[in-house]
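Written below as structure tokens is the structure these notes are about.
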Amino acid sequence: MDTLRDRSNENRLEKEKGRRKALAVIAAVIAVTACVFIVYLIWNGIRTKQYTVYTEVESFARADSNNVEYKYYEGNLLKYSRDGAMGIGSDGTALWNGSYEMANPMVDVCGTYVAVADQGGKEVYVYNGSDDGTVLEMPLPVTMIKVASQGVVAVVLEDSGSNVVSLYNPYSSDEKLLVEVPSNVSEDGYPIDIALSADAKSLVTVYLAIKEGAQESNICFYNFSEVGQDKNRIVGGKTYKDSFAIGAEFVGNDSVCIFQENGFSLFSNMKKPEEVITETFEKEIVSSVYDDGYVGFLFAESEEGATHSLKLYNTSGKAVLDKTVDCEYNKVYMNKGEIIFLSDMSCKILRINGSEKLNCQFNVPMQYVFRAKGKELYYFIDDATITKAKLTEG
């Protein structure tokens, strides 16, 4: 009898122990689920949080004329004009200062490197972010320039009946000319744009040609690694007969976008270019934007409550955003993964996920808005003042 009672007690204890374990597991699952849910709410709140005003952190006078232009410069600012260029730190102090005399300066930026050349001139100035720059003397007039992340410069030089695309290393102690890519205007067409990868190993040229009375666009892909050496550096090409190509931009070190009048093409694998997607739009493209990893297009929209529609693609050719936008703008561009719509008296910023980050009005006409170093910090540049400010909810 005692033995049966003991076994009964043991079974009861085992069942109680099992029940407690099950309750502990359930409690742990509930706790983990609650933590995940809370983290999701916080994360989602951050990625969808909307701001309407900003609070000044510091500001400084521009001390220049309205003929000066500004660009984003690795969390700082680049300003340039016909008589010089300067890197400006977040506190308004000069990072470097370069002087020149140009009638129509062309500027390209990659990382901390800046290249400047006068349209039709024969000098290219290269700044590395820490000194007053170096000068490259060209044998022919310069019509286009691009710079890579280590200072290598691609230039288009114009000659009668031909054009030359050349790569230079301004910091080489030996021969600064690295590569020459000659072309014939009557055969290849006239170069209207070039794109240089950040590592300077890939170059894309866009030519406009007239063949049998009709225009066509010729795209040529060059690679300067060991792959391109075996094929005279040409590793691919594409001809558009029904669509006019208007430009090219790298949207990643191994991805390039060919912009067309009514669409675009994405190519990857610059050692052996592969067409990822070609998209033709029925609506007229009003504006295009691009950034590392993305390319987007804006179209006029007649839908009530919307002025534009926006389509954004990643480098795999997938449409990651398709939405209507209600705002008028003078400038639209991507800056550090955000789409900035800017008019004189207002600014709207969209995130990649389509949520609205900033929608604010200005008291004075604003010329530029760029990201600054730090969480939710931006530069707001009007005709007299540069203000570094933090976004606030109002």
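The values are calculated or read from the model by the stated rules, or taken from the named source; none is laboratory data. All values reported here derive from a predicted model rather than from experimental measurement. All Cβ positions, glycine included, derive from the backbone under ideal geometry; neighbour counts span all protein chains shown. Side chains included, ligands, DNA and RNA excluded: accessible areas come from the protein's heavy atoms. Shrake-Rupley method; radii C 1.70, N 1.55, O 1.52, S 1.80 Å.
Once the stretch 65-95 is narrowed to residues that are surrounded by 14 or more Cβ atoms within 10 Å (Cβ to Cβ) and acidic (Asp, Glu), the residue that is farthest from the chain's Cα centre (by Cα) is GLU69.
Listed by position, the strands (runs of 3 or more DSSP E) contained in the stretch 26-90 that have at least 3 residues being modelled with pLDDT under 95 are 53-61. Looking only at residues in the stretch 164-218 that are hydroxyl-bearing (Ser, Thr, Tyr) and under 19 Å from GLY111 (Cβ atoms), the one that is surrounded by the most Cβ atoms within 10 Å (Cβ to Cβ) is SER202. For ALA195, the stated conditions do not hold, so it cannot be described as closer than 17 Å to VAL165 by Cα and in a loop (DSSP other than H, G, I, E, B).
If you check VAL135, VAL155 for being in a strand (DSSP E or B) and open to solvent by 30 Å² or more (accessible area, probe 1.4 Å), only one passes: VAL135. Exactly one residue among GLY129, GLY98 is open to solvent by less than 30 Å² (accessible area, probe 1.4 Å), part of a strand (DSSP E or B) and touching a strand residue (DSSP E or B) at 6+ places or on another chain (Cβ under 8 Å), and that residue is GLY98. Restricting GLU282, GLU249, GLU275 to those that are part of a strand (DSSP E or B) and either in contact with a Leu (Cβ under 7 Å, 6 or more places away or on another chain) or surrounded by fewer than 16 Cβ atoms within 10 Å (Cβ to Cβ) (or both) reduces the list to GLU275.
Candidates TYR294, TYR240: the one that is free of Cβ contacts under 8 Å to residues at least 40 places away in the same chain and either within 24 Å of ARG351 (Cα to Cα) or out of contact with any Phe, Trp or Tyr (no Cβ under 8 Å at 6 or more places or on another chain) (or both) is TYR240.
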